[in-house]
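Following: one structure in structure tokens, then a few remarks.
The values are calculated or read from the model by the stated rules, or taken from the named source; none is laboratory data. Every value quoted in this text rests on a predicted model; they were computed, and no experiment measured them. Virtual Cβ from ideal backbone geometry, glycine too; neighbours counted across all protein chains shown. Each accessible area value is taken on the protein alone, full model and side chains, heavy atoms only, with ligands, DNA and RNA left out. Shrake-Rupley method; radii C 1.70, N 1.55, O 1.52, S 1.80 Å.
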Amino acid sequence: MSNPVLVEVFRGETSESRHRGAVVVTDGDGKVVFSLGDIERPTFPRSAIKAIQALPLVESGAADAYGFGNEELAMACASHSGEQLHVAKAGEMLSRAGLDSTALECGSHWPFEQSVLIDLARSGQQPTPLHNNCSGKHAGFLCTCKHLGIETQGYSALGSPEQDMVRDAMESVTGAAHTLDHCGTDGCSIPTYAIPLRNLAHGFARMATGTGFEPRRAQAAKRLLDAAMAAPFYVAGTGRACTKLMEMAPGRIFVKTGAEGVFVGALPELGLGIAVKCDDGTTRASEAIIATVLARIYRNESELESKLDRFADREMRNWNGVTFGVVSPTPALTDAMIN
């Protein structure tokens, strides 16, 4: 099945690039409310699934034992930009468990935020694991291990007690088998499993509604989504899509990006989950798709719809600040959702 073109990039009046993809919206019972493209194709959720991966941190009692509030829990769900507040918060999370950055197994990379990268390079410093966009998630893993008395060394490896807990949570929440034949290694070195896009959306609908969850899991899921929506800067960072989209409707919209053109959403007040995959892995396209889907869902709220539409259908500027084109959702997406 060939996925439809959902986003087009124009330079002037001429179409320069086209991005194919799939999108699905489900309710907590798994009913498909809307879909386009192949929603059964195995897809690696990558970082989009971090809120589910953080469930053991809360369910184990570790989050309470170390006094974690909204900012720390948002960091556990984050792909942050490596800004000063992110680095400090990840370090603080580790410190509360008696650990430091040397315990992190996520590796190091330069901050996503360009100004922070430049300042770090000018100072003559090198990035540390705390600058890794996944350091908050990994700090959460380590805190869970410390609280449960699990060996911290090797916590990121396939078959470790921590990753077994994470896999079990993801399998239970999404309803999709997480098997070795669909297992790969994520950018931060933990196992990642390819599952159907439909299951990914259903998982986040369940996170939003608690449908089918025992009380402890329902409370943990709500706590994590509420924390991310309350502290969206810690989920991503300055100018990032996740932060900006959640700030448009505080406490109502949860979204999270993943590498290779994945995006998810959870709408607690509506009981819906959303999952997006752009075939060519382009972030600009997945951002446009998720914003368009949200705009159509909230089409009865003109102010919010307008904000979301402007984010989805946005201008591109060159290095001189001159507008030369737009990234725009196609009628295949916009008209299908209207109808």
Exercise for review: Might you list the cysteines of the chain that have no disulfide-compatible partner by the rule of another cysteine's Cβ under 4.7 Å?
Suggested key: 77, 143, 145, 183, 242, 278
Practice item. Step through the residues of the stretch 29-43 one at a time and calculate ³J(HN,Hα) from phi using the Karplus curve (6.51 cos²θ - 1.76 cosθ + 1.60, θ = phi - 60°), rounding each to whole Hz and writing x for Gly and Pro. Key: 7, x, 5, 7, 7, 7, 7, 9, x, 7, 8, 9, 5, x, 10
**Study point:** Residues with amide H under 5 Å from that of residue 280, placed H, sequence gap 5 or more
**Key:** 20
**Study point:** Projected label distance in nm at residue 11 and residue 319, using a 7 Å step from Cα toward the beta-carbon
**Key:** 1.6
Check your understanding: Contour minus end-to-end for residue 194 and residue 121, with contour as 0.36 nm per residue of separation and end-to-end as the Cα-Cα distance?
Key -> 22.7 nm
Review point. Given 0.36 nm per residue, what is the gain on full extension from residue 247 to residue 230 after removing their alpha carbon distance, in nm?
Key: 5.2 nm
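Counting only protein heavy atoms, what percent of the accessible surface of the stretch 221-339 is carbon or sulfur at a 1.4 Å probe? Write out the running numbers ahead of the final one.
Values: 2320 of 4730 Å².
That fraction is 49 percent.
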Revision key, fill the gap. Once normalised by the length of the chain, the mean sequence separation of its alpha carbon contacts under 8 Å that are 6 or more apart gives a contact order in percent of 24
Review point. Percent of accessible area on the stretch 34-189 owned by carbon and sulfur, 1.4 Å probe?
Key: 49
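Just from its helices, what would the mean residue ellipticity at 222 nm be for the chain, if runs of 4 or more DSSP H residues each count -39500 (n - 2.57) and the sum is divided by every residue, rounded to the nearest 500 deg cm²/dmol? All intermediate terms of the calculation are to be shown ahead of the outcome.
Working: 15 runs with 145 residues, N = 339.
Here the helix-only value at 222 nm equals -12500 deg cm²/dmol.
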Point to revise | Separation in nanometres of the label points that stand 7 Å from Cα toward Cβ, at residue 64 and residue 32 | key: 4.0
Review point. Regarding the chain, what whole-number volume in Å³ per residue does the convex hull of its Cα atoms give?
Key: 128
Practice item. May I ask for the net charge around residue 198, where only other residues with Cβ less than 13 Å from the Cβ of residue 198 are counted and Lys, Arg are +1 while Asp, Glu are -1? Key: 0
Check your understanding: So which chymotrypsin sites (Phe, Trp or Tyr not before Pro) in the stretch 287-339 end up in coil per DSSP with only 10 or fewer other C-beta atoms within 10 Å?
Key -> 319
Study note, to complete from the structure: Taking a crude spin-label model, label points 7 Å out from Cα along the C-beta direction, the residue 214 to residue 114 distance in nm is 5.0
Point to revise | Bins of 10 Å, starting at 0 and running to the largest distance - Cα pair percent for the stretch 103-158 | key: 24, 41, 22, 12, 0
Exercise for review: Step through the residues of the stretch 280-290 one at a time and calculate ³J(HN,Hα) from phi using the Karplus curve (6.51 cos²θ - 1.76 cosθ + 1.60, θ = phi - 60°), rounding each to whole Hz and writing x for Gly and Pro.
Suggested key: 8, x, 8, 5, 4, 6, 5, 5, 5, 5, 5
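Rounded to the nearest whole Å², what accessible area per residue is found for the chain with the 1.4 Å probe? Don't skip to the end; give the middle numbers.
On the way: 13690 Å² over 339 residues.
Averaged over the residues of the chain, the accessible area is 40 Å².
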Practice item. Take the Cβ-Cβ distance between residue 157 and residue 303 as r, set R0 to 45 Å, and report the resulting FRET efficiency rounded to the nearest 0.05. Key: 0.40
**Study point:** Gained length - residue 148 relative to residue 102, 0.36 nm times residue gap less alpha-carbon distance
**Key:** 14.6 nm
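Equivalent-ellipsoid semi-axes (√(5λ), Cα gyration tensor) for the stretch 201-309, whole Å, largest first?
Working: eigenvalues 90, 49, 40 Å².
They are 21, 16, 14 Å, listed from largest to smallest.
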Review point. Can you pick out the pairs among 50/307; 89/137; 137/222; 31/244; 31/307 whose Cα atoms lie more than 21 Å from each other?
Key: 50/307; 31/244; 31/307
